[in-house]
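The values are calculated or read from the model by the stated rules, or taken from the named source; none is laboratory data. Not measured: the values here are computed from a predicted model. Here the Cβ positions follow ideal geometry from the backbone for every residue, glycine too, while neighbour counts run over all protein chains shown.
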Amino acid sequence: MTFSDFNFKKEIFKAIEDAGFKEPSPVQKEAIPLVLDGKDLVAQAHTGTGKTAAFGLPILNMLELDGSVEAVVIVPTRELAMQVSDEIFKFGKNLGISTATVYGGSSYQRQLKFIANSSVVVATPGRLLDLLSSGKINLSPKYMVLDEADEMLDMGFLDDIKEIFSHIEGTRQTLMFSATMPHQIKELAKTILYRPEFVSITKRDATNVNIKQNFYVVDEWERTDALIRLLDFKNPTKSIIFCRTKKEVDELSTKLSSKGYSAKGLHGDMEQRQREEVIKAFKRSALDTLVATDVAARGLDVSDVSHVFNYHIPYDSESYVHRIGRTGRAGREGMAISIVTPAEFKSLQKIQKDVGSSLESKIIPTIKDVQVKKRTSLLETLKNQEINDIARELIDELKTEFVDEDIALKLASMMYSVNDIEGSDRIGKTPNEISRIAQRAKNDRGSGGRNRGRNNRGGRSRNRNGGGSRDGGNRDRNNSRNNNRRR
(Lines give C-alpha, C1' and ligand atoms only; values in the text may rest on other atoms or scores of the structure.)
Protein backbone atom coordinates (compact mmCIF):
# COMPACT_ATOMS: atom_id res chain seq x y z
CA MET A 1 0.00 0.00 0.00
CA THR A 2 1.10 3.56 -0.74
CA PHE A 3 -0.39 6.93 0.20
CA SER A 4 -1.80 7.27 -3.30
CA ASP A 5 -4.24 4.45 -2.44
CA PHE A 6 -6.12 6.81 -0.11
CA ASN A 7 -7.04 9.20 -2.96
CA PHE A 8 -6.12 12.29 -0.98
CA LYS A 9 -6.46 15.73 -2.50
CA LYS A 10 -3.48 16.60 -4.67
CA GLU A 11 -2.43 19.35 -2.24
CA ILE A 12 -2.19 16.87 0.62
CA PHE A 13 -0.41 14.26 -1.46
CA LYS A 14 2.16 16.88 -2.44
CA ALA A 15 2.76 17.66 1.27
CA ILE A 16 3.21 13.93 1.97
CA GLU A 17 5.82 13.70 -0.76
CA ASP A 18 7.57 16.83 0.53
CA ALA A 19 7.69 15.26 4.00
CA GLY A 20 9.51 12.24 2.56
CA PHE A 21 6.86 9.70 3.56
CA LYS A 22 7.14 6.57 1.43
CA GLU A 23 4.41 4.23 2.61
CA PRO A 24 1.85 4.33 5.43
CA SER A 25 2.67 2.83 8.83
CA PRO A 26 0.49 0.00 10.23
CA VAL A 27 -1.75 2.36 12.21
CA GLN A 28 -2.10 4.66 9.18
CA LYS A 29 -3.06 1.76 6.91
CA GLU A 30 -5.85 0.70 9.26
CA ALA A 31 -7.06 4.03 10.63
CA ILE A 32 -7.09 6.35 7.61
CA PRO A 33 -9.76 4.44 5.58
CA LEU A 34 -12.04 4.32 8.64
CA VAL A 35 -11.65 8.05 9.30
CA LEU A 36 -12.34 8.83 5.64
CA ASP A 37 -15.51 6.72 5.93
CA GLY A 38 -16.72 8.97 8.75
CA LYS A 39 -16.41 6.35 11.50
CA ASP A 40 -15.69 7.13 15.13
CA LEU A 41 -12.44 5.40 16.01
CA VAL A 42 -10.51 3.99 18.97
CA ALA A 43 -6.91 3.26 17.99
CA GLN A 44 -4.40 1.61 20.28
CA ALA A 45 -0.90 2.42 19.06
CA HIS A 46 2.32 3.60 20.61
CA THR A 47 3.97 6.98 20.11
CA GLY A 48 6.25 6.93 17.08
CA THR A 49 3.92 4.83 14.94
CA GLY A 50 2.61 7.76 12.90
CA LYS A 51 -0.57 8.58 14.80
CA THR A 52 -0.62 12.30 13.96
CA ALA A 53 -0.72 11.55 10.24
CA ALA A 54 -3.25 8.76 10.88
CA PHE A 55 -5.84 11.29 12.01
CA GLY A 56 -4.39 14.51 10.56
CA LEU A 57 -4.27 13.51 6.90
CA PRO A 58 -7.87 12.24 6.54
CA ILE A 59 -9.27 15.14 8.58
CA LEU A 60 -7.43 17.68 6.42
CA ASN A 61 -8.75 15.91 3.34
CA MET A 62 -12.33 16.34 4.58
CA LEU A 63 -12.15 19.97 5.77
CA GLU A 64 -14.60 22.29 4.05
CA LEU A 65 -12.53 25.40 4.90
CA ASP A 66 -15.68 27.37 5.73
CA GLY A 67 -13.95 29.83 8.05
CA SER A 68 -14.86 28.05 11.28
CA VAL A 69 -12.92 25.78 13.62
CA GLU A 70 -13.65 22.42 12.01
CA ALA A 71 -11.31 20.19 14.04
CA VAL A 72 -10.09 20.15 17.64
CA VAL A 73 -7.20 17.95 18.78
CA ILE A 74 -6.67 17.52 22.53
CA VAL A 75 -3.20 16.47 23.73
CA PRO A 76 -1.67 16.15 27.22
CA THR A 77 1.30 18.57 27.09
CA ARG A 78 2.37 21.89 25.62
CA GLU A 79 5.27 20.33 23.77
CA LEU A 80 3.02 17.81 22.08
CA ALA A 81 0.46 20.52 21.28
CA MET A 82 3.10 22.56 19.47
CA GLN A 83 4.44 19.59 17.56
CA VAL A 84 1.04 18.22 16.50
CA SER A 85 0.03 21.71 15.41
CA ASP A 86 3.23 22.08 13.38
CA GLU A 87 2.76 18.71 11.71
CA ILE A 88 -0.88 19.35 10.80
CA PHE A 89 0.07 22.76 9.41
CA LYS A 90 2.84 21.11 7.38
CA PHE A 91 0.42 18.58 5.89
CA GLY A 92 -2.21 21.23 5.16
CA LYS A 93 0.02 24.07 3.98
CA ASN A 94 -0.91 23.62 0.31
CA LEU A 95 -4.60 23.89 1.22
CA GLY A 96 -4.00 27.21 2.95
CA ILE A 97 -5.22 25.96 6.32
CA SER A 98 -4.13 27.59 9.57
CA THR A 99 -3.78 26.02 13.01
CA ALA A 100 -3.98 27.44 16.53
CA THR A 101 -2.01 26.05 19.46
CA VAL A 102 -3.73 26.53 22.82
CA TYR A 103 -2.09 25.88 26.20
CA GLY A 104 -1.74 27.41 29.66
CA GLY A 105 0.75 30.12 30.55
CA SER A 106 0.26 32.05 27.30
CA SER A 107 -1.81 35.15 26.51
CA TYR A 108 -5.58 34.59 26.31
CA GLN A 109 -6.04 37.37 23.78
CA ARG A 110 -3.37 36.09 21.46
CA GLN A 111 -4.77 32.56 21.53
CA LEU A 112 -8.33 33.79 21.01
CA LYS A 113 -7.15 35.71 17.95
CA PHE A 114 -5.48 32.59 16.53
CA ILE A 115 -8.56 30.45 17.22
CA ALA A 116 -10.80 32.92 15.38
CA ASN A 117 -8.68 32.52 12.23
CA SER A 118 -7.94 28.79 12.30
CA SER A 119 -9.46 25.65 10.86
CA VAL A 120 -7.73 23.32 13.35
CA VAL A 121 -7.16 23.91 17.07
CA VAL A 122 -4.63 21.81 18.99
CA ALA A 123 -5.03 22.27 22.74
CA THR A 124 -4.16 20.98 26.18
CA PRO A 125 -7.20 20.12 28.31
CA GLY A 126 -6.72 22.75 31.04
CA ARG A 127 -6.61 25.86 28.85
CA LEU A 128 -9.27 24.58 26.44
CA LEU A 129 -11.67 23.96 29.34
CA ASP A 130 -10.93 27.42 30.75
CA LEU A 131 -11.84 29.03 27.43
CA LEU A 132 -15.01 26.97 27.00
CA SER A 133 -16.32 27.20 30.56
CA SER A 134 -15.72 30.97 30.72
CA GLY A 135 -17.64 31.50 27.50
CA LYS A 136 -14.66 33.03 25.71
CA ILE A 137 -15.14 30.58 22.84
CA ASN A 138 -17.97 28.42 21.51
CA LEU A 139 -17.01 25.45 19.37
CA SER A 140 -18.99 23.03 17.24
CA PRO A 141 -16.24 21.19 15.32
CA LYS A 142 -16.93 18.43 12.85
CA TYR A 143 -13.95 16.43 14.16
CA MET A 144 -12.63 15.85 17.69
CA VAL A 145 -9.41 13.96 18.44
CA LEU A 146 -8.05 12.74 21.78
CA ASP A 147 -4.35 12.00 21.32
CA GLU A 148 -2.35 10.15 24.02
CA ALA A 149 -5.57 9.52 25.95
CA ASP A 150 -3.88 7.32 28.55
CA GLU A 151 -1.33 10.06 29.24
CA MET A 152 -4.14 12.53 29.91
CA LEU A 153 -5.71 10.00 32.26
CA ASP A 154 -2.43 9.59 34.17
CA MET A 155 -2.07 13.36 34.42
CA GLY A 156 -5.51 13.74 35.99
CA PHE A 157 -7.31 15.27 33.02
CA LEU A 158 -10.14 12.72 32.73
CA ASP A 159 -12.80 14.93 34.36
CA ASP A 160 -11.63 17.92 32.33
CA ILE A 161 -12.05 15.96 29.10
CA LYS A 162 -15.57 14.89 30.05
CA GLU A 163 -16.47 18.50 30.82
CA ILE A 164 -14.91 19.71 27.55
CA PHE A 165 -17.20 17.41 25.59
CA SER A 166 -20.21 18.73 27.49
CA HIS A 167 -19.42 22.17 26.02
CA ILE A 168 -19.02 20.97 22.42
CA GLU A 169 -22.14 21.57 20.37
CA GLY A 170 -23.57 19.62 17.45
CA THR A 171 -22.70 16.22 15.99
CA ARG A 172 -19.14 15.30 15.24
CA GLN A 173 -16.76 12.49 14.33
CA THR A 174 -14.60 11.56 17.33
CA LEU A 175 -11.24 9.79 17.23
CA MET A 176 -9.33 8.47 20.24
CA PHE A 177 -5.68 7.37 20.17
CA SER A 178 -4.02 5.72 23.15
CA ALA A 179 -0.95 3.55 23.75
CA THR A 180 -2.80 1.50 26.39
CA MET A 181 -6.45 0.83 27.11
CA PRO A 182 -7.10 0.98 30.86
CA HIS A 183 -10.67 0.62 32.12
CA GLN A 184 -11.25 4.37 32.49
CA ILE A 185 -10.28 5.00 28.86
CA LYS A 186 -12.67 2.28 27.66
CA GLU A 187 -15.47 3.84 29.71
CA LEU A 188 -14.66 7.29 28.33
CA ALA A 189 -14.83 5.88 24.80
CA LYS A 190 -18.34 4.56 25.49
CA THR A 191 -19.38 8.03 26.66
CA ILE A 192 -18.02 10.27 23.90
CA LEU A 193 -17.86 8.00 20.82
CA TYR A 194 -20.68 6.61 18.69
CA ARG A 195 -20.39 3.00 17.54
CA PRO A 196 -16.61 3.25 17.17
CA GLU A 197 -14.39 1.06 15.07
CA PHE A 198 -11.32 -0.37 16.83
CA VAL A 199 -7.74 -0.52 15.57
CA SER A 200 -4.99 -2.17 17.58
CA ILE A 201 -1.37 -2.35 16.53
CA THR A 202 0.12 -5.51 18.01
CA LYS A 203 3.31 -5.61 20.03
CA ARG A 204 5.12 -7.17 17.11
CA ASP A 205 4.12 -4.17 15.00
CA ALA A 206 4.93 -1.69 17.76
CA THR A 207 8.61 -1.19 17.00
CA ASN A 208 9.69 0.19 13.66
CA VAL A 209 11.50 -2.35 11.46
CA ASN A 210 13.81 0.47 10.34
CA ILE A 211 15.27 0.72 13.85
CA LYS A 212 18.31 -1.42 14.69
CA GLN A 213 18.30 -2.24 18.40
CA ASN A 214 21.58 -2.97 20.19
CA PHE A 215 22.57 -3.25 23.84
CA TYR A 216 25.89 -3.08 25.68
CA VAL A 217 26.52 -4.64 29.10
CA VAL A 218 28.74 -2.69 31.49
CA ASP A 219 29.31 -2.31 35.22
CA GLU A 220 27.49 0.58 36.87
CA TRP A 221 30.63 2.67 37.29
CA GLU A 222 31.35 2.37 33.55
CA ARG A 223 28.01 3.71 32.37
CA THR A 224 29.08 7.28 31.51
CA ASP A 225 32.40 6.19 29.98
CA ALA A 226 30.50 3.69 27.84
CA LEU A 227 28.10 6.36 26.61
CA ILE A 228 30.92 8.75 25.67
CA ARG A 229 32.81 5.98 23.87
CA LEU A 230 29.69 5.08 21.91
CA LEU A 231 29.06 8.72 21.00
CA ASP A 232 32.62 8.95 19.69
CA PHE A 233 32.33 5.72 17.72
CA LYS A 234 28.80 6.11 16.35
CA ASN A 235 29.20 9.85 15.68
CA PRO A 236 25.42 10.42 15.48
CA THR A 237 24.13 13.31 13.41
CA LYS A 238 21.31 13.91 15.90
CA SER A 239 20.60 11.89 19.04
CA ILE A 240 18.42 11.71 22.14
CA ILE A 241 19.81 10.28 25.39
CA PHE A 242 17.10 9.12 27.80
CA CYS A 243 17.67 9.30 31.56
CA ARG A 244 15.42 8.28 34.43
CA THR A 245 15.59 11.42 36.57
CA LYS A 246 15.89 15.17 36.17
CA LYS A 247 19.03 15.21 38.30
CA GLU A 248 20.62 12.65 36.00
CA VAL A 249 19.68 14.78 32.97
CA ASP A 250 21.32 17.85 34.48
CA GLU A 251 24.50 16.01 35.48
CA LEU A 252 24.93 14.16 32.18
CA SER A 253 24.15 17.13 29.91
CA THR A 254 26.61 19.29 31.89
CA LYS A 255 29.32 16.62 31.64
CA LEU A 256 28.85 16.18 27.90
CA SER A 257 28.87 19.94 27.29
CA SER A 258 32.08 20.31 29.30
CA LYS A 259 33.71 17.74 27.02
CA GLY A 260 32.78 19.63 23.88
CA TYR A 261 29.63 17.77 22.83
CA SER A 262 26.73 19.85 21.52
CA ALA A 263 24.31 18.70 24.23
CA LYS A 264 21.55 20.19 26.39
CA GLY A 265 19.07 18.79 28.87
CA LEU A 266 15.27 18.74 28.79
CA HIS A 267 13.05 18.03 31.81
CA GLY A 268 9.94 19.26 33.59
CA ASP A 269 11.64 21.56 36.10
CA MET A 270 12.97 23.83 33.36
CA GLU A 271 11.07 27.02 32.56
CA GLN A 272 8.70 26.67 29.63
CA ARG A 273 10.55 29.22 27.50
CA GLN A 274 13.84 27.43 28.12
CA ARG A 275 12.30 24.09 27.15
CA GLU A 276 10.89 25.57 23.95
CA GLU A 277 14.28 27.06 23.04
CA VAL A 278 16.01 23.71 23.54
CA ILE A 279 13.44 21.87 21.40
CA LYS A 280 13.65 24.47 18.62
CA ALA A 281 17.46 24.31 18.62
CA PHE A 282 17.32 20.53 18.40
CA LYS A 283 14.79 20.61 15.57
CA ARG A 284 16.84 23.00 13.44
CA SER A 285 20.07 21.03 14.15
CA ALA A 286 21.68 23.85 16.13
CA LEU A 287 21.92 21.20 18.87
CA ASP A 288 23.18 17.67 18.18
CA THR A 289 22.30 15.84 21.39
CA LEU A 290 19.24 16.08 23.63
CA VAL A 291 19.45 14.59 27.14
CA ALA A 292 15.90 14.11 28.42
CA THR A 293 13.50 12.40 30.78
CA ASP A 294 10.69 10.30 29.32
CA VAL A 295 7.94 12.74 30.23
CA ALA A 296 9.76 15.78 28.85
CA ALA A 297 10.37 14.03 25.53
CA ARG A 298 6.86 12.57 25.29
CA GLY A 299 5.53 13.23 21.82
CA LEU A 300 8.75 14.87 20.61
CA ASP A 301 8.51 14.69 16.84
CA VAL A 302 11.82 15.25 15.07
CA SER A 303 12.11 13.26 11.87
CA ASP A 304 15.90 13.15 11.51
CA VAL A 305 17.03 11.67 14.84
CA SER A 306 19.68 9.11 13.88
CA HIS A 307 20.28 7.53 17.32
CA VAL A 308 18.44 7.01 20.59
CA PHE A 309 20.51 6.08 23.65
CA ASN A 310 19.01 4.55 26.78
CA TYR A 311 21.46 5.69 29.45
CA HIS A 312 19.31 3.56 31.75
CA ILE A 313 16.76 1.17 30.31
CA PRO A 314 13.18 2.14 31.23
CA TYR A 315 11.12 0.24 33.78
CA ASP A 316 8.56 -1.05 31.29
CA SER A 317 8.20 -2.06 27.68
CA GLU A 318 5.81 0.75 26.76
CA SER A 319 8.36 3.38 27.76
CA TYR A 320 11.00 1.54 25.72
CA VAL A 321 8.79 1.67 22.62
CA HIS A 322 8.04 5.36 23.24
CA ARG A 323 11.76 6.11 23.51
CA ILE A 324 13.07 4.28 20.48
CA GLY A 325 10.16 5.58 18.40
CA ARG A 326 11.96 8.93 18.30
CA THR A 327 14.29 7.53 15.61
CA GLY A 328 13.70 5.70 12.34
CA ARG A 329 10.95 8.10 11.25
CA ALA A 330 9.65 9.09 7.82
CA GLY A 331 11.19 6.01 6.20
CA ARG A 332 14.68 6.71 7.56
CA GLU A 333 16.85 4.15 9.30
CA GLY A 334 17.50 4.62 13.00
CA MET A 335 19.51 3.03 15.79
CA ALA A 336 18.46 2.42 19.40
CA ILE A 337 21.26 1.71 21.87
CA SER A 338 20.73 0.58 25.46
CA ILE A 339 23.38 0.56 28.17
CA VAL A 340 22.58 -2.08 30.79
CA THR A 341 24.23 -3.56 33.86
CA PRO A 342 24.11 -7.23 34.87
CA ALA A 343 21.48 -6.30 37.48
CA GLU A 344 19.24 -4.90 34.73
CA PHE A 345 19.59 -7.84 32.38
CA LYS A 346 16.37 -9.58 33.40
CA SER A 347 14.43 -6.36 32.75
CA LEU A 348 16.06 -6.18 29.32
CA GLN A 349 14.94 -9.72 28.54
CA LYS A 350 11.38 -8.88 29.56
CA ILE A 351 11.35 -5.83 27.27
CA GLN A 352 12.65 -7.93 24.39
CA LYS A 353 9.91 -10.50 24.97
CA ASP A 354 7.17 -7.87 25.26
CA VAL A 355 8.05 -5.85 22.16
CA GLY A 356 8.67 -8.95 20.06
CA SER A 357 11.79 -7.63 18.38
CA SER A 358 15.43 -8.62 18.53
CA LEU A 359 17.91 -6.64 20.61
CA GLU A 360 21.43 -7.55 19.54
CA SER A 361 24.29 -7.76 22.02
CA LYS A 362 27.35 -5.66 21.13
CA ILE A 363 30.76 -4.95 22.66
CA ILE A 364 31.90 -1.42 23.57
CA PRO A 365 34.50 -0.31 20.98
CA THR A 366 38.11 -0.01 22.10
CA ILE A 367 40.20 3.15 21.72
CA LYS A 368 41.77 1.65 18.61
CA ASP A 369 38.33 0.95 17.15
CA VAL A 370 37.42 4.61 17.57
CA GLN A 371 40.72 5.73 16.06
CA VAL A 372 40.22 3.54 12.99
CA LYS A 373 36.64 4.79 12.62
CA LYS A 374 37.79 8.41 12.86
CA ARG A 375 40.55 7.84 10.33
CA THR A 376 38.13 6.24 7.87
CA SER A 377 35.72 9.12 8.34
CA LEU A 378 38.52 11.64 7.83
CA LEU A 379 39.66 9.96 4.61
CA GLU A 380 36.11 10.02 3.27
CA THR A 381 35.74 13.68 4.18
CA LEU A 382 39.03 14.59 2.48
CA LYS A 383 38.09 12.72 -0.70
CA ASN A 384 34.83 14.66 -0.98
CA GLN A 385 36.24 18.05 0.04
CA GLU A 386 36.30 20.65 -2.71
CA ILE A 387 39.36 22.93 -2.93
CA ASN A 388 38.69 26.66 -2.71
CA ASP A 389 40.82 29.73 -3.40
CA ILE A 390 41.27 30.64 0.29
CA ALA A 391 42.82 27.22 0.89
CA ARG A 392 45.22 27.72 -2.02
CA GLU A 393 46.33 31.06 -0.56
CA LEU A 394 46.84 29.47 2.86
CA ILE A 395 49.00 26.66 1.44
CA ASP A 396 51.09 29.12 -0.57
CA GLU A 397 51.74 31.07 2.62
CA LEU A 398 52.62 27.92 4.59
CA LYS A 399 55.09 26.85 1.90
CA THR A 400 57.29 29.80 2.81
CA GLU A 401 57.95 28.18 6.20
CA PHE A 402 57.35 24.44 5.80
CA VAL A 403 57.93 21.67 3.28
CA ASP A 404 54.86 20.11 1.67
CA GLU A 405 54.96 16.94 3.78
CA ASP A 406 55.04 18.88 7.05
CA ILE A 407 52.11 21.02 5.95
CA ALA A 408 50.05 17.93 5.20
CA LEU A 409 51.03 16.30 8.50
CA LYS A 410 50.19 19.40 10.52
CA LEU A 411 46.79 19.83 8.89
CA ALA A 412 45.97 16.14 9.31
CA SER A 413 47.02 16.30 12.97
CA MET A 414 44.61 19.20 13.52
CA MET A 415 41.73 17.22 12.05
CA TYR A 416 42.58 13.83 13.49
CA SER A 417 43.52 13.68 17.13
CA VAL A 418 44.05 10.32 18.81
CA ASN A 419 44.54 11.83 22.24
CA ASP A 420 40.96 12.96 22.89
CA ILE A 421 39.51 9.47 23.40
CA GLU A 422 38.91 9.09 27.12
CA GLY A 423 38.38 6.13 29.39
CA SER A 424 39.91 2.69 29.63
CA ASP A 425 40.80 0.89 26.45
CA ARG A 426 38.27 -1.82 27.23
CA ILE A 427 34.88 -0.95 28.71
CA GLY A 428 32.09 -3.36 29.54
CA LYS A 429 31.65 -7.11 29.38
CA THR A 430 33.10 -9.63 26.93
CA PRO A 431 30.85 -11.92 24.84
CA ASN A 432 31.52 -14.85 27.19
CA GLU A 433 30.66 -12.77 30.24
CA ILE A 434 27.45 -11.55 28.59
CA SER A 435 26.45 -15.14 27.80
CA ARG A 436 26.90 -16.11 31.45
CA ILE A 437 24.92 -13.07 32.62
CA ALA A 438 22.10 -13.91 30.21
CA GLN A 439 21.98 -17.50 31.44
CA ARG A 440 21.88 -16.42 35.08
CA ALA A 441 19.06 -13.97 34.35
CA LYS A 442 17.14 -16.70 32.55
CA ASN A 443 17.54 -19.09 35.49
CA ASP A 444 16.80 -16.47 38.13
CA ARG A 445 13.03 -16.71 38.09
CA GLY A 446 12.59 -15.93 41.72
CA SER A 447 14.20 -12.49 41.79
CA GLY A 448 12.37 -10.40 39.19
CA GLY A 449 13.02 -6.84 38.14
CA ARG A 450 10.75 -5.44 40.86
CA ASN A 451 12.94 -6.50 43.78
CA ARG A 452 16.05 -5.53 41.90
CA GLY A 453 14.60 -2.10 41.20
CA ARG A 454 13.94 -1.57 44.90
CA ASN A 455 17.47 -2.57 45.81
CA ASN A 456 19.01 -0.23 43.26
CA ARG A 457 16.77 2.77 43.79
CA GLY A 458 15.91 2.65 47.46
CA GLY A 459 12.36 1.38 46.96
CA ARG A 460 11.17 4.48 45.13
CA SER A 461 11.93 3.66 41.52
CA ARG A 462 8.98 1.61 40.29
CA ASN A 463 7.53 4.27 37.99
CA ARG A 464 5.78 3.05 34.85
CA ASN A 465 6.56 6.29 33.08
CA GLY A 466 10.31 5.89 33.02
CA GLY A 467 10.81 9.04 35.07
CA GLY A 468 12.88 7.24 37.72
CA SER A 469 12.05 8.30 41.23
CA ARG A 470 8.61 9.60 42.09
CA ASP A 471 10.15 13.05 42.12
CA GLY A 472 11.67 12.42 38.70
CA GLY A 473 8.54 11.27 36.88
CA ASN A 474 5.33 12.32 38.61
CA ARG A 475 6.38 15.89 39.23
CA ASP A 476 6.93 16.28 35.48
CA ARG A 477 3.30 15.38 35.04
CA ASN A 478 2.14 17.62 37.86
CA ASN A 479 4.12 20.50 36.41
CA SER A 480 2.47 19.99 33.01
CA ARG A 481 -0.97 19.89 34.62
CA ASN A 482 -0.34 22.92 36.82
CA ASN A 483 1.10 24.88 33.91
CA ASN A 484 -1.87 24.08 31.73
CA ARG A 485 -4.30 25.12 34.49
CA ARG A 486 -2.26 28.15 35.60
CA ARG A 487 -4.90 30.58 34.41
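Whether a residue is of a type outside the set (D, E, K, R), surrounded by 10 or more Cβ atoms within 10 Å (Cβ to Cβ) and without any contact (Cβ under 8 Å) to a residue 12 or more places away in the chain was assessed, and A408 passes this test. Here V218 meets each of (1) closer than 24 Å to S358 by Cα; (2) β-branched (V, I, T); (3) under 17 Å from the mean Cα position of the chain (by Cα) with one exception, condition (3).
For region 163-186, taking the residues that are among the polar types (S, T, N, Q) and buried (at least 17 other Cβ atoms within 10 Å of the Cβ), the one that is nearest to D150 (Cα to Cα) is identified as S178.
Per this entry, S317 is counted among residues that are under 30 Å from T430 (Cβ atoms) and surrounded by fewer than 23 Cβ atoms within 10 Å (Cβ to Cβ).
Looking at the structure I just gave you, is D147 crowded, with 24+ Cβ neighbours inside 10 Å, of a type in the set (D, E) and at negative phi? Talk me through it step by step, then tell me what you get.
Values: crowded, with 24+ Cβ neighbours inside 10 Å: yes; of a type in the set (D, E): yes; at negative phi: yes.
So D147 fits the description; yes.
Taking E380 as the residue in question, decide whether it is on the phi < 0 side of the Ramachandran plot, part of a loop (DSSP other than H, G, I, E, B), exposed (fewer than 13 other Cβ atoms within 10 Å of the Cβ) and out of contact with any Gly (no Cβ under 7 Å at 6 or more places or on another chain). No: the conditions fail for E380.
I'd like to know if region 419-426 contains one or more residues that are closer than 30 Å to V340 by Cα, free of Cβ contacts under 8 Å to residues at least 40 places away in the same chain and part of a loop (DSSP other than H, G, I, E, B). Steps first, please.
First pass over region 419-426, keeping only residues closer than 30 Å to V340 by Cα: 419-426.
If we keep only those that are free of Cβ contacts under 8 Å to residues at least 40 places away in the same chain as well, we get 419-420.
Checking which are part of a loop (DSSP other than H, G, I, E, B) leaves us with 419-420.
Yes, that holds for at least one residue.
Could you list all residues from region 324-345 that are assigned to a loop (DSSP other than H, G, I, E, B) and either hydrophobic (A, V, I, L, M, F, W, C) or more than 22 Å from N235 (Cα to Cα) (or both)?
Kept after step one, since they are assigned to a loop (DSSP other than H, G, I, E, B), are these residues of region 324-345: 325-333, 341.
Of everything in region 324-345, those that are assigned to a loop (DSSP other than H, G, I, E, B) and either hydrophobic (A, V, I, L, M, F, W, C) or more than 22 Å from N235 (Cα to Cα) (or both) turn out to be A330, T341.
Residues that are buried (at least 24 other Cβ atoms within 10 Å of the Cβ) and not in a helix (DSSP H, G or I) were ranked within region 74-98; the one that is modelled with the highest pLDDT is I74.
When K203 is tested against (1) buried (at least 18 other Cβ atoms within 10 Å of the Cβ); (2) of a type outside the set (F, W, Y); (3) at pLDDT below 90, just one condition goes unmet, and that condition is (1).
Checking each residue in region 8-53 for being among the acidic types (D, E) and surrounded by 19 or more Cβ atoms within 10 Å (Cβ to Cβ) picks out E30, D40. Tell me, yes or no, whether region 246-264 has at least one residue that is crowded, with 23+ Cβ neighbours inside 10 Å and farther than 29 Å from K374 by Cα. Yes, region 246-264 contains at least one residue that is crowded, with 23+ Cβ neighbours inside 10 Å and farther than 29 Å from K374 by Cα. Within region 321-340, restricting attention to residues that are crowded, with 22+ Cβ neighbours inside 10 Å and more than 13 Å from the chain's Cα centre (by Cα), the residue that is farthest from V302 (Cα to Cα) is V340. Among the residues of region 381-389, not a single one is in the same structural domain as T430 (by TED's automatic domain parsing) and modelled with pLDDT of 85 or more. You will find that of A179, A263, the residue that is in contact with a helix residue (DSSP H, G or I) (Cβ under 7 Å, 6 or more places away or on another chain), under 30 Å from E333 (Cα atoms), of a type in the set (G, A, S) and not assigned by TED's automatic domain parsing to the domain that holds S338 is A179 and no other.
For A71, are the conditions met, namely being modelled with pLDDT under 95 and of a type outside the set (K, R)? Even if it seems obvious, please write down each step before you answer.
Values: modelled with pLDDT under 95: no; of a type outside the set (K, R): yes.
No.
For region 223-323, which fully contained helices (runs of 4 or more DSSP H) count at least 1 residues that are farther than 19 Å from S338 by Cβ? It comes to 246-258, 272-283.
The set of residues in region 383-405 being surrounded by 10 or more Cβ atoms within 10 Å (Cβ to Cβ) and aliphatic (A, V, I, L, M) consists of A391, L394, I395, L398, V403.
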